[in-house]
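To start, the structure itself, in C-alpha cells.
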Amino acid sequence: MIDSADTAAVERQIGREPRGMLEVAHRCACGKPDVVITAPRLDDGTPFPTVYYLTCPKACSAVGRLEGSGLMRDMERRLADDPHLADAYARAHASYLARRNAIADVPEIAGVSAGGMPDRVKCLHVLLAQALAEGPGANPLGDEVREAVGEWWELTPCE
C-alpha cells in the first residue's frame with residue numbers, strides 16, 4: 001500500500017496525479033520514491049504495460065540525455081551480436097511479465113513488457129526502473145543505464 005506522502009511526492013515529481021500507482025518499488029538516496037509499480041489496468045480500464053515507472057525528474061533527465069546520445073542504437077546492435085546479452089535481456093523481459101502478471105492478467109498486453117524488450121531497446125527509462133526495482137543483474141541493459149547516469153541525486157537536492 002502506498003501512503004499519502006509518497007503519493008504527494010510522486011505527484012510533484014511527475015507534475016500530475018499518479019495513475020494506477022500501487023507501491024514504491026525503489027527510493028532514491030534522498031529517500032523519495034524514484035520508481036513506482038503501476039497497475040497493468042488503469043482505473044479507466046486502459047491497459048498499461050509499464051509496471052516499473054521511473055518518477056524522479058533528475059533521473060528521468062539524466063536518462064533522457066543518454067537516449068539523445070544514440071545509446072539505444074548501440075545497445076540494439078549489441079543485442080543482435082551478443083547471444084549472452086540477448087539471453088539475459090530476454091530473462092529481464094520474462095521477469096517483467098511475471099511481476100505484472102502477479103498483479104493482474106490483462107489479455108490485451110499479454111506478452112508485451114516495456115522498453116522494447118525482449119529484442120529491441122526503445123526506452124531507457126523503463127530499463128533503469130526495472131534495474132532499480134529488481135536490483136543488480138535483473139536487466140543487463142538497465143544495469144548499464146544505472147552505471148551511465150551516475151549518482152543523479154548528488155549535485156542538488158531532489159526537492
Top-ranked residue of the stretch 135-155 - restricted to ones that are without any contact (Cβ under 8 Å) to a residue 40 or more places away in the chain and in a helix (DSSP H, G or I), ranked as farthest from A92 (Cα to Cα): E147
Odd one out for Y89, checked against (1) among the hydroxyl-bearing types (S, T, Y); (2) closer than 26 Å to M1 by Cα; (3) touching a residue at least 24 places away in the same chain (Cβ under 8 Å): (2)
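Residues are listed down the side, and each one gets a yes or a no for (1) open to solvent by 10 Å² or more (accessible area, probe 1.4 Å); (2) within 28 Å of A94 (Cα to Cα); (3) free of Cβ contacts under 8 Å to residues at least 24 places away in the same chain:
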residue: I2; (1), (2), (3): yes, yes, no
residue: A8; (1), (2), (3): yes, no, yes
residue: P40; (1), (2), (3): no, yes, no
residue: D43; (1), (2), (3): yes, yes, no
residue: T50; (1), (2), (3): yes, yes, no
Verdict on T7 being over 14 Å from the mean Cα position of the chain (by Cα) and farther than 26 Å from E108 by Cβ: yes
Output for the stretch 20-38, where each listed residue is touching a strand residue (DSSP E or B) at 6+ places or on another chain (Cβ under 7 Å) and either open to solvent by 50 Å² or more (accessible area, probe 1.4 Å) or part of a loop (DSSP other than H, G, I, E, B) (or both): G20, L22, E23, H26, R27, C28
Residue match in the stretch 149-159 (condition: of a type in the set (A, V, I, L, M), over 29 Å from G45 (Cβ atoms) and open to solvent by less than 40 Å² (accessible area, probe 1.4 Å)): yes
Any chance P83 is open to solvent by 40 Å² or more (accessible area, probe 1.4 Å) and either among the charged types (D, E, K, R) or touching a residue at least 12 places away in the same chain (Cβ under 8 Å) (or both): no
Selection within the stretch 95-124 - within 16 Å of the chain's Cα centre (by Cα) and either at positive phi or assigned to a loop (DSSP other than H, G, I, E, B) (or both): V112, S113, A114, G115, G116, M117, P118, R120, V121, K122, C123
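The values are calculated or read from the model by the stated rules, or taken from the named source; none is laboratory data. Predicted, not measured: the structure shown is a model, and the values here were computed from it. Every residue, glycine among them, receives a Cβ derived from its backbone with ideal geometry; neighbour counts consider all protein chains shown. What goes into the accessible areas is simple: the full protein's heavy atoms, side chains included, and nothing from ligands, DNA or RNA. Shrake-Rupley method; radii C 1.70, N 1.55, O 1.52, S 1.80 Å.
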